[in-house]
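The structure appears below as structure tokens.
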Amino acid sequence: DVDKGRKILEEHINQINTSMENSIEQHITIDPKWHSRFFQNRRKLLTDLQQQYGDMLIKLPDRS
């Protein structure tokens, strides 16, 4: 049923919009001398931070 599908899609869109409204973006600068710590042990520190602080995305510059 098209109306039922439309209603489900609208609910999903509303959930995504609410999620986006409740999210924040924050940029911090970390001294490059510490960058290697983030890549030790297969990025364990990054994984630990993401698990500790919940739904978050950590991006680092390329290691070039």
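FYI, it's all coordinate maths here, none of it is from the lab. All values derive from a computational prediction rather than experimental measurement. Positions of Cβ are generated from backbone atoms using ideal geometry, with glycine treated the same way; all protein chains shown enter the neighbour counts.
Values for this structure:
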| item | result |
| --- | --- |
| Rg/Rg_globular for the chain, with Rg_globular taken as 2.2 N^0.38 Å and Rg from C-alpha atoms | 1.73 |
| Inter-label distance for Arg37 and Lys7, nm, one decimal - labels placed 7 Å from Cα along Cα-to-Cβ | 5.3 |
| Loop sites in the chain: GluC sites (Glu not before Pro), DSSP, at most 14 other Cβ within 10 Å | Glu25 |
| Inter-site label distance for Leu60 and Thr29 at 7 Å from Cα along Cβ, in nm | 1.9 |
| DSSP loop trypsin sites (Lys or Arg not before Pro) with at most 11 other Cβ within 10 Å: longest gap in the chain | 1-41 |
| Straight-distance crosslink candidates among lysines, where the alpha carbon sits under 18 Å from Lys59 and sequence neighbours closer than 8 are dropped | Lys33, Lys44 |
| Magnitude of the charge dipole, region 1-62, Cβ model with Lys/Arg +1 and Asp/Glu -1, debye to 20 | 460 |
